[in-house]
Amino acid sequence: MSETAEATTPTLSLFEQLGGAAAVDAAVDIFYRKVLEDYRINRYFSGVDMEQQAAKQKSFLTMAFGGPNNYSGQDMRNAHARLVKMGLDDSHFDAVMENLTATLQELNVPENLIAQVDALAETTRSDVLGK
Amino acid sequence: MPHITLGETQITCPDGEVLLDSLLKAKLHIPYSCRQGLCQACMLRSLDVTPPAAAQIGLKDTLQRQNYFLACRCHPEQDMHIALPDQHGAAVTAVVINKQWLAADILRLIVQADSALSFYAGQFINLQRTDGLTRSYSIANLPAPDHTLEFHIRRLPQGQFSTWAHDELEVGDTLTLSHAQGSCHYLSGNPAQPLLLIGTGSGLAPLYGIINDALNQGHSGDIHLFHGSRDPDGLYLVDELHNLTATFANFHYTPCLSSADNNLGYRQGRAHDLALTNQKSLKGWRVYLCGHPEMVRESQRMAYLKGASLRDIYADAFVVGGGQMP
């Protein structure tokens, strides 16, 4: 591809650069496994229906990947209110963020895109923690 | 504009509109939630044509093969007859042709349907008594030219249907069968994939069907079956399964007893512990789990943590008193 052609190529969205819905699927499988294996946070995921939980992770990652979503801060607050009562705090959110970054690194996502995903995921912090 | 038929109703779906919106505008009651292809609440089934590929993204491949699709992601390309997941297909009548006890409390019931039923071995079907009492049972055999179906019915202490089936149902009596449901079945197209099947009690029924389906279709990858029971009585079809291992080198069978009283040469322990604890990696495997809900939940988690992809794990929990009744 010549430089001129590259310059005129319409800019791809973050979601498209990451690989779209297929990339979300690949990431969910790795991310959710990391979360369940993480002793710092896995107690918050015990006793849940795994398929339903995976669907929620997929919804969250689609949003963090800049994909089409109907993210609602209020839904996020409601869903995590019980966990906040159990002691969910910033340290646990940080642990999830760590797992997210590690997932993207494992999938060889370029660092500049990882930073964008992290920034989008970070916007959910106050809703998740009920602040 | 494609015409879409649901039951008695026909609607048209304008270009650029998703089917879910067209159905809702026509005041049809379609369950839905996320509208973005994630929650799968709006799953429907095409009864004739193959649905658009984009409407099947994210569904388990067994459901894709059965022409299930998501209404919120569907831009119909041609006329379709569709149905809600629990609505398609008319009920058929079947007559009992054989009763045989595989173990003290497990009845093998063979019925013959009066017309062809479309199903995969391992799916489940609702059996209905003439007074309406209904229970779900898994299908243990492959579709046969004579329309016979095999079920394994375990006698439950308070089980209204199972007690009746064991004690009163007679050869020659009739039952009503629903259409087959569920995604727990074999799928051709990946014959070398290793399969792990774990079942407790009459959870063997669907697994027995799946194994026979796989072997019948020439599956070449290893097939590992772990069947568990508390008592030796609950391990059934032991000879048949041992014989199968003699015929097919890639089939491996491990009967497991969880009670301490075990001098019969069975493996000692719970089936899913024995199957999963020493398994290094299940990456790339397909896993089938049938039987006790607690076992199914634990195994699902263990198999996933060992590397099996969630979409490759097929779970069929036998919930007593709910939908699926052993």
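Pick out, from the stretch B:25-118, the strands (runs of 3 or more DSSP E) lying fully within it that include 1 or more residues that are open to solvent by 20 Å² or more (accessible area, probe 1.4 Å).
Filter on the stretch B:25-118 gives B:43-46, B:80-83, B:92-103, B:106-113.
Among (1) out of contact with any helix residue (DSSP H, G or I) (no Cβ under 7 Å at 6 or more places or on another chain); (2) open to solvent by 30 Å² or more (accessible area, probe 1.4 Å), which single condition is B:Leu264 missing?
(1)
Can you confirm whether the stretch B:193-209 contains a residue that is under 24 Å from B:Val296 (Cα atoms), modelled with pLDDT of 95 or more, surrounded by fewer than 24 Cβ atoms within 10 Å (Cβ to Cβ) and polar (S, T, N, Q)?
Within the stretch B:193-209 (the criterion being under 24 Å from B:Val296 (Cα atoms), modelled with pLDDT of 95 or more, surrounded by fewer than 24 Cβ atoms within 10 Å (Cβ to Cβ) and polar (S, T, N, Q)), the answer is yes, since at least one residue qualifies.
Within the stretch B:20-49, restricting attention to residues that are under 26 Å from A:Ala54 (Cβ atoms) and polar (S, T, N, Q), which residue is farthest from the other protein chains (Cβ to nearest Cβ)? I'd like the intermediate steps shown before the answer.
Initially, the stretch B:20-49 is screened for residues under 26 Å from A:Ala54 (Cβ atoms), giving B:20, B:30-46.
Adding the requirement that they be polar (S, T, N, Q) leaves B:33, B:36, B:40, B:46.
Working: B:Ser33: 10, B:Gln36: 6, B:Gln40: 7, B:Ser46: 21 Å.
Once the filter is applied, the top-ranked residue is B:Ser46.
Is at least one residue of the stretch B:115-137 under 25 Å from B:Ser229 (Cβ atoms), over 18 Å from the mean Cα position of the chain (by Cα) and modelled with pLDDT of 90 or more? Break it down into steps so the answer makes sense when it comes.
Filtering the stretch B:115-137 down to residues under 25 Å from B:Ser229 (Cβ atoms) leaves B:121-125, B:127, B:135-137.
Of the ones still in play, those that are also over 18 Å from the mean Cα position of the chain (by Cα) are none.
No, the conditions are met nowhere in the stretch B:115-137.
One line per residue, one yes/no per condition, for (1) in contact with a Gly (Cβ under 7 Å, 6 or more places away or on another chain); (2) under 30 Å from A:Ala26 (Cβ atoms):
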site: B:Ser229; (1), (2): yes, no
site: B:Asn250; (1), (2): yes, yes
site: B:Leu264; (1), (2): no, no
site: B:Arg270; (1), (2): yes, no
site: B:Lys280; (1), (2): no, yes
site: B:Arg286; (1), (2): no, yes
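Can you tell me how many residues in the stretch A:97-126 are under 14 Å from the mean Cα position of the chain (by Cα) and within 17 Å of A:Gly73 (Cβ to Cβ)?
Here the count works out to 7.
Please indicate, with yes or no, whether at least one residue in the stretch A:73-96 is at the interface with another protein chain (Cβ under 10 Å from one of its Cβ atoms) and of a type in the set (Phe, Trp, Tyr).
No, the conditions are met nowhere in the stretch A:73-96.
Just for the stretch B:1-24: of the residues that are free of Cβ contacts under 8 Å to residues at least 12 places away in the same chain and surrounded by 15 or more Cβ atoms within 10 Å (Cβ to Cβ), which one is nearest to B:Cys74 (Cα to Cα)?
Out of the qualifying residues, it is B:Asp21.
Examine the stretch B:150-173 for a residue that is of a type in the set (Val, Ile, Thr), part of a strand (DSSP E or B), open to solvent by 10 Å² or more (accessible area, probe 1.4 Å) and in contact with a strand residue (DSSP E or B) (Cβ under 8 Å, 6 or more places away or on another chain), and state whether such a residue exists. Full working, then the answer.
Within the stretch B:150-173, the first condition is being of a type in the set (Val, Ile, Thr), and the residues that meet it are B:153, B:163, B:171.
Going one step further and asking which of them are part of a strand (DSSP E or B), we end up with B:153.
Filter once more, so that each one left must be open to solvent by 10 Å² or more (accessible area, probe 1.4 Å): none.
No, every residue in the stretch B:150-173 fails to be of a type in the set (Val, Ile, Thr), part of a strand (DSSP E or B), open to solvent by 10 Å² or more (accessible area, probe 1.4 Å) and in contact with a strand residue (DSSP E or B) (Cβ under 8 Å, 6 or more places away or on another chain).
Which of the residues that make up the stretch A:26-50 are facing chain B (nearest Cβ under 7 Å) and open to solvent by 20 Å² or more (accessible area, probe 1.4 Å)?
Result: A:Asp29, A:Arg33, A:Glu37.
Can you pull out the residues in the stretch B:269-301 that are open to solvent by less than 50 Å² (accessible area, probe 1.4 Å), of a type outside the set (Gly, Ala, Ser) and in contact with a helix residue (DSSP H, G or I) (Cβ under 8 Å, 6 or more places away or on another chain)?
Of everything in the stretch B:269-301, those that are open to solvent by less than 50 Å² (accessible area, probe 1.4 Å), of a type outside the set (Gly, Ala, Ser) and in contact with a helix residue (DSSP H, G or I) (Cβ under 8 Å, 6 or more places away or on another chain) turn out to be B:His272, B:Leu276, B:Leu282, B:Trp285, B:Arg286, B:Val287, B:Tyr288, B:Leu289, B:Cys290, B:Met295, B:Gln300.
Condition check: within 14 Å of chain A (Cβ to nearest Cβ) and within 28 Å of B:Thr62 (Cα to Cα). Does B:Gly291 satisfy that?
No, not satisfied.
Could you list all residues from the stretch B:100-156 that are without any contact (Cβ under 8 Å) to a residue 60 or more places away in the chain and among the basic types (Lys, Arg)?
B:Arg108, B:Arg129, B:Arg155, listed by residue number.
Identify all residues within the stretch A:68-101 that are modelled with pLDDT under 90 and part of a loop (DSSP other than H, G, I, E, B); write none if there are none.
Result: A:Pro68, A:Asn69, A:Asn70, A:Tyr71, A:Ser72.
The values are calculated or read from the model by the stated rules, or taken from the named source; none is laboratory data. All figures in this text were calculated on a predicted structure; none of them were measured in a lab. Heads up, the Cβs are rebuilt from the backbone with ideal geometry, glycines too, and the neighbour counts pull from every protein chain shown. Accessible surface areas use protein heavy atoms only, side chains included; no ligands, DNA or RNA. Shrake-Rupley method; radii C 1.70, N 1.55, O 1.52, S 1.80 Å.
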